[in-house]
Structure formats: C-alpha cells, structure tokens
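Laboratory data are not the source of any read-out in this text; all were calculated from the coordinates shown. Values in this document were obtained by computation on a predicted structure and should not be read as measured data. Note that each Cβ is placed from the backbone with ideal geometry, even for glycine, and that neighbours are counted across all protein chains shown.
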Amino acid sequence: IETTVDYEVRYNQVGYFVDKSKTINVVSFNNFSPKNYTILNSSDDIVLSGTTTTPNYWSDSNEYVAKADVSTLNTPGVYKFKTDELEILYNVNSDVYESISEAALKYYYYNRASTAISSTYGGVYARNIGHEDTQVYVHSSAASPTRPVGTVISSPKGWYDAGDYNKYIVNSGIATYTLLAAYEHYETYYQSKSINIPEAGGVIPDILDEIKWNLDWMLTMQEPSDGGVYHKLTGLNFSSIVMPKNYSLKRYVVQKSTAAALNFAAVMAMASRIYSDYNTELPGYSTALLNAAKSAYAWAKANPAVYFTNPVDVKTGQYGDTNVAGEFQWAAVELFISTGDLQYKSDINISTIKNDIPTWQSPEPLALISIAFHKSLLSSQIDTNTAINKLISTADALKSQVASSVMNISLTSQNYVWGSNSRIANQVFLLIRAYEITNDASYLNAAYKAMDYLLGRNGTGYCYVTGYGSQPPVNSHHRISKADNVVLPIPGMLAGGPHSGQQDISACAVYPSNYKAASYLDDWCSYSTNEVAINWNAPLAYALNALQYYQDE
Ligand code: 9MR
C-alpha cells in the first residue's frame, strides 16, 4: 500500500537573480525518495531537468526537505518548475527586487502619524489625517519641575510603531538607525532611488525626507530643560480597530528612561553627520540633531539605570530593557564618530560589545557596523580590528548556517522569537556588511540565499511581505489595513513571522502547527506572528535595496 504523500514546493516567490544561486525546495511531512523535476520556459520547452537531493528532516517545521539547485538557468524569464503533479512559476531576472525594495521603504510613508495620505501618494490607501499629536499630556510618570503633570506638549509626526498607533523611542532607535545606515552605506544608490512621497525630488534624497519625518518627532520627545527623553507617546491602552481619524483616546508622553535617551542619542548623532550635507536646504538641522544627541547622552550618564516598566495605568507596548550597557556603547560610538570628542572615546570598550544579530533589546552590534564603516577615520584611535573581527565571526557563523542547514537558511532554532523574520533580515544585513569589509563574495552569496526565506522558501510557504509573491499575508495585524475597507493590506510590510509562543492563542484558537518554523497564522488575531513593525521593515528595506544594488552594479 502506498502512503499518501503531500508535497509542496517552497521557493523565492519574488524571484531569483541572474548569476546568483537558485535553490528550490520540495517538502513533505512524510519522508520520500528524491524526486525528478523538469523546468520549462514560457514556450513550454524543457530547459532543464534533474533530481532533487535526498530529503533531510527539518525539526523546526517537522518536514522532510529536498533541494533542487537550479542555479545554472540564468536567462531572464518566467519558468515552470514541475515535479509529478506539482508545478509552480518562478522568475529569473536582474531586477527582481526593484519594486519590493521600494515598497519596503514606502511602508514608512503609509505609517506616518499626523498626516493625511492623498490618492496621489496612497492610491486606494488614501486616508484622512489622524493623531496630530499637538495636544499630548505629560503623564504623571514623566512630570518634572518644568513640566508638571497635565502639561500639554506638541509631539507630532513620527511613524506608528506597528499594527498599533503608538510611538516608542526605543524601537524608533533601531528602526531609524537602520534606515540611516542604508543611506550612509549606499549614498549614491539612494540619491537616485525615488520613493513616491510628497517630498520626493529636490536636493534631499527621498529616503532622508522619509527618515526626517520620524527624526522630527523624536526631537520633540526630549525635555529641553534636562535632555532626558520620554520612553513613549501612547494612549493608556491600545485603541480599537479604527482609522487614524477616528482614534479617540488621549495621548501621553510617559516616563523618561535610560534606554530611550541612549537610543535617541545614537540615532541623533548619526543623523547629524548625514544631514550635515544638507545644511543649505535644512539650515541648523544637523546642529540641532547633534546638540540633542549630546544632551541625551549626558542625561543617560547622570541617570544610568532608569529602566522602564509600564506605570499601572498604561497598558501599551513596553519595550522594557534592564541592561543598557550595549546602548551606552552604541551611543558613545556614534557620538565619537560624529564629533571626535575624546570624552566619548573614553567611554568606548569594544571588547564588551556583543556580536550578535541587532535587536531592539540589544542594538549594539550596530556600533560594530558603524566602526567598520568608519574604519579609516577611527583606526588610529580605537581598536577597529577587534570590532571588525567580531562582525566577521558572526557573519562566518551565519554563512556556515546557510551552507549546512537543511533549508540552507541563516536562522537557527534559537531565532524563532516574536519578530523572527526581522532576525533573518538583520542576518542578511550582517552578511552584506561582511562582504563589504572583506570583499569576499561568499558572504554576499549567502545573503542572497538567506533572503529567499522571507520571500517563500521557508517553513510555511508564505512570502512574508504583503503585496508580493504568490502567497503573501492578506490579514495583517495592522490597524490601518484592517480598518480601511480595502481588501488587501498596505503593500511592502514584513510580517513578524513564525515562532511557537502563540501568545494570542486565546484570540486565535488554532495555529496550523506548533513547530516553531510553521507556527504562523495569517489572521488579524495573530499579533504575535502577523503584526508588522518599523524595526522589522527597516532591515528588510536595507537588505532588499542592497541586494538589488549589487545586481545593478
Ligand atoms: O517586538 C516586540 C517583541 O520583541 C516583544 O516580545 C513583544 C511583546 O512585548 O512586543 C513587540 O513589540 C510590540 C510593541 O510592544 C507594541 N507595538 C507592536 C510591537 C510588535 O508586536
């Protein structure tokens, strides 16, 4: 008796680049013999045939995984991959990330607070203004002599953090930095990369116009009298599913924290050196950013252990962090790069900086990235070699993970956490940086392969970016997309991704799998796997644009 075997083909649904490696996986819950496959071109001629590898068991998804290496097929086109009764269509071209890389950036525009979105820039996603945030209350936890409880401040603009409408400084830190890094590392590319936003064109690159929307908000989160930075701007609770204009909760700035001050300082210091090229267009802006960075850092030095937990009456995202040693390093490094001031140099201790994937809790690997990028400026002053070696050793581990794992992906079993997809995006970011440092193409090849995961070659078969691929999420945990009466969610948003936490199980009732790489639900209810967030889209945007750039070069 033959057992029924259900197969699936997992592949990069957005497309494979010409002259880059191309892996397609055939998977099944049951073990199977290597499968023969054929590839047909658009005229239905067989252009390649082969046999997959022998399947291996992938314990993270509880599936058997075989591999077809179709790298030799490099003529641009749409191909049909066929095995038995299964067939899928895939693209090969040199511009496969062109559109999605812009969409990943455009996401930030759609998530702007304090603005209407016209159909010129938003198409069907046009909407009214909401969250003007010109009347924001100082919460009792944030009261100070100059701003007693009940003081009203103006704190407009910024991006909504995620599927909710709140604005959090800690998460703005890593997100804004990563977008600034994209610009700093690929200036020429971004100078001609247009994003369809109202500020487009003109002397200032579009990506910097978009980032400025959030920097302008962040600046308002600093109390001028002491340099401290509020942890977040939020309602006391999450709102119901309404469009921005129908939001009715009072908004507050809540407690200053050391983590907020340091994230703010790192971002402002970096932004000041980037926007200094635009002093003519933005007089005084770069200086204001730098001054803000310095006073926030000074506040953090004077208040080194003010950790944030939600006051009892505040129920929104916490972004709490009780270890800010890494944030101190990150801020000191960015301030030293931007000022050359020895007081910051004396705070840098590279041996303590963690080499890992950057996360909102531990953003300090970003300091290693900045040190490596500014090596020629810094090498006579600090131990740049140790910083670079740390980065390379992380990248080496990622590269061998891609080479040796069953799915040929960079994620390890430990990486399936809330926002697991952002881990991949940040891993690709590190692999790309390792390539830039060493000029060794094996890191870049691993980066291209690792990116496949986010676009469909994974444990679920979803292309995790809305609006792209043959099976993208359509029920994102994103208030605007849920409330706007448009069928499909805003495009270009990266879903948080699978992990076995299932923190929303009471709202969701059932997940398709309890295995960490397959525990994902494309449903509004699944805020633990199907939300989107600014810190997740940023490394996605970084990586997609860089990978497209290298192909264009
Ligand atoms: O990304 C955050 C994740 O690391 C945490 O485990 C999770 C629960 O605390 O919160 C995530 O951040 C959410 C934030 O608190 C509120 N806005 C939505 C964010 C994404 O889910």
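Report, to the nearest 10°, how far helix 98-110 tilts away from the longest principal axis of the Cα atoms in the chain, using its own Cα long axis and a range of 0 to 90°.
Approximately 30 degrees, to the nearest ten.
What spacing in nm lies between the two simple spin-label points modelled at Tyr137 and Ala305, each 7 Å away from Cα in the Cβ direction?
Computed distance between label sites Tyr137 and Ala305 equals 3.3 nm.
Using a cut-off of 10 Å between beta-carbons, work out the net charge of the residues near Ala116 (Lys and Arg +1, Asp and Glu -1, Ala116 not included).
Here the charged neighbours net out to +3.
Kindly state, to the nearest 0.05, the FRET efficiency for Asn323 paired with Ser119, given R0 = 56 Å and r defined as their beta-carbon distance.
0.75
For the chain, calculate the relative contact order in percent as a whole number, restricting contacts to Cα pairs under 8 Å that are 6 or more residues apart. Let's see the in-between values first.
Details: 1208 pairs, mean separation 87.7, N = 553.
Worked out over the chain, it gives 16 percent.
What is the gain in length, in nm to one decimal, between Val47 and Lys345 on full extension, counting 0.36 nm per residue of separation less the C-alpha to C-alpha distance?
101.4 nm
Can you tell me what percent of all Cα-Cα pairs in the range 7-93 are more than 23 Å apart? Before the final figure, lay out the partial values.
Details: 720 of 3741 pairs.
Result for the distance tail: 19 percent.
What value in Å³ per residue do you get for the convex hull of the alpha-carbon atoms in the range 162-225?
Enclosed volume per residue, from the Cα hull, is 119 Å³.
Provide the per-residue ³J(HN,Hα) series for the range 288-297, in order, calculated from phi with Karplus coefficients 6.51, -1.76, 1.60 and θ = phi - 60°, each as a whole number of Hz, with x at glycine and proline positions.
Here the 3J(HN,Hα) series is 4, 5, 5, 4, 5, 4, 5, 6, 5, 5 Hz.
Tally Lys and Arg at +1 and Asp and Glu at -1 over the other residues with C-beta under 12 Å from the C-beta of Thr188: what net charge comes out?
Result for the neighbourhood of Thr188: -3.
Net charge near Ala372: determine it from the other residues with C-beta under 9 Å of the C-beta of Ala372, scoring Lys and Arg +1 and Asp and Glu -1.
Overall, the nearby charge balance is +1.
Determine the gain in length on full extension of the stretch Trp418-Glu85; use 0.36 nm per residue of separation and subtract their C-alpha separation, reporting nm with one decimal.
116.3 nm
Take the Cβ-Cβ distance between Ser94 and Ala397 as r, set R0 to 25 Å, and report the resulting FRET efficiency rounded to the nearest 0.05.
Result of the calculation: an efficiency of 0.25.
Cysteines without a disulfide-compatible partner in the chain, using Cβ under 4.7 Å as the rule?
Lone cysteines by the Cβ rule: Cys463.
Highest mean first, how do 291-298, 112-119 rank when packing is the count of other Cβ atoms within 10 Å averaged over residues?
Order by mean packing, descending: 291-298, 112-119.
Using alpha carbons only, how many degrees (0 to 90, rounded to 10) separate the axis of helix 534-552 from the longest principal axis of the chain?
Orientation of helix 534-552: about 60 degrees from the principal axis.
Rounded to two decimals, what is Rg over Rh for the chain when you use alpha-carbon atoms and the Kirkwood radius?
Working: Rg = 23.4 Å, Rh = 24.1 Å.
Ratio of gyration radius to Kirkwood radius for the chain: 0.97.
Along each of the three principal axes of the Cα atoms of the range 111-199, give the extent in whole Å, ordering the values from largest to smallest.
Ordered largest first, the range 111-199 gives principal extents of 47, 33, 22 Å.
For the pairs Lys106/Lys232; Lys250/Lys294; Lys232/Lys399; Lys157/Lys256; Lys157/Lys375; Lys315/Lys482, note any where the Cα-Cα span goes beyond 27 Å. Intermediate results must be reported in sequence, preceding the final value.
Details: Lys106/Lys232 24 Å; Lys250/Lys294 31 Å; Lys232/Lys399 37 Å; Lys157/Lys256 19 Å; Lys157/Lys375 35 Å; Lys315/Lys482 21 Å.
Check vs 27 Å cut-off fails for Lys250/Lys294; Lys232/Lys399; Lys157/Lys375.
Which peptide among 324-331, 237-244, 463-470 comes first, and what is the full order, when sorted by highest mean count of other Cβ atoms within 10 Å?
324-331, 463-470, 237-244
Roughly how tilted is helix 325-339, in degrees to the nearest 10 and between 0 and 90, from the longest Cα axis of the chain?
The answer is roughly 70 degrees.
Stretch Tyr247-Ala509 to full length: gain in nm at 0.36 nm per residue minus the Cα-Cα span?
91.5 nm
Return the long-range amide H neighbours of Glu531 (sequence gap of 5 or more, or a different chain), with a cut-off of under 5 Å between placed amide H atoms.
For Glu531, whose amide H was placed from the backbone, the distant partners under 5 Å are His477, Gly496, Gly497.
Treating the Cα atoms of the range 282-439 as identical point scatterers in vacuum, please give the log10 of the normalised Debye intensity I(q)/I(0) at q = 0.09, 0.11 Å⁻¹, two decimals.
-0.36, -0.53
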